[in-house]
Amino acid sequence: DHEVNWELVIDNNSGTYAPDKMLLPDLKKLLEYNFPQVEIYAWDREDPKLEESKQACREYALKHRGVKHHELQPHAASGEETLCHRVSLGAQQLEEAGRRIFNNWEWYLQYVMTS
């Protein structure tokens, strides 16, 4: 890893940070200013270079880091609950709780208005 020139790739292909592609050049400049020793790339989610970069990272991990192919992609064994599944269940429960609160609040408002 010491022979590798590390780089930082920023993209807008995330639910956490997905700016308009017109903002990516400004973000790149900001990061280059703050981290002058690091090569910075800022690619739009539709830029083929982004997929090429991801593939290069996978190949490096397989060849030099001892990562196994099955470790590159999230997977779950049969019967194993994934984080995504758990989050979706939590969201469903939260939605149901919100519906109950709303229904109770609606009942309370009707009670107050008619009393």
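Here is the figure for the range 69-115: residues that are closer than 30 Å to residue 3 by Cα and at pLDDT 70 or above total 4.
Counting just the residues of the range 46-73 that are in contact with a strand residue (DSSP E or B) (Cβ under 7 Å, 6 or more places away or on another chain) and not hydrophobic (A, V, I, L, M, F, W, C), which one comes out most open to solvent (accessible area, probe 1.4 Å)?
Start the filter on the range 46-73 by keeping residues that are in contact with a strand residue (DSSP E or B) (Cβ under 7 Å, 6 or more places away or on another chain), which leaves 49-50, 53.
Filter again for not hydrophobic (A, V, I, L, M, F, W, C), leaving 49, 53.
Numbers: 49: 101, 53: 17 Å².
By that ranking, first place goes to 49.
Taking each residue of the range 56-68 that is farther than 15 Å from residue 7 by Cα and looking for partners that are not hydrophobic (A, V, I, L, M, F, W, C) with beta-carbon atoms closer than 7 Å, six or more apart or interchain, yields 62/69.
The values are calculated or read from the model by the stated rules, or taken from the named source; none is laboratory data. Since the model is a prediction, treat every value here as computed from it, not as a measurement. Quick reminder, even Gly has a Cβ in these numbers, built from the backbone with ideal geometry, and neighbours come from all protein chains shown. The accessibility values were calculated without ligands, DNA or RNA, using every heavy atom of the protein model including side chains. Shrake-Rupley method; radii C 1.70, N 1.55, O 1.52, S 1.80 Å.
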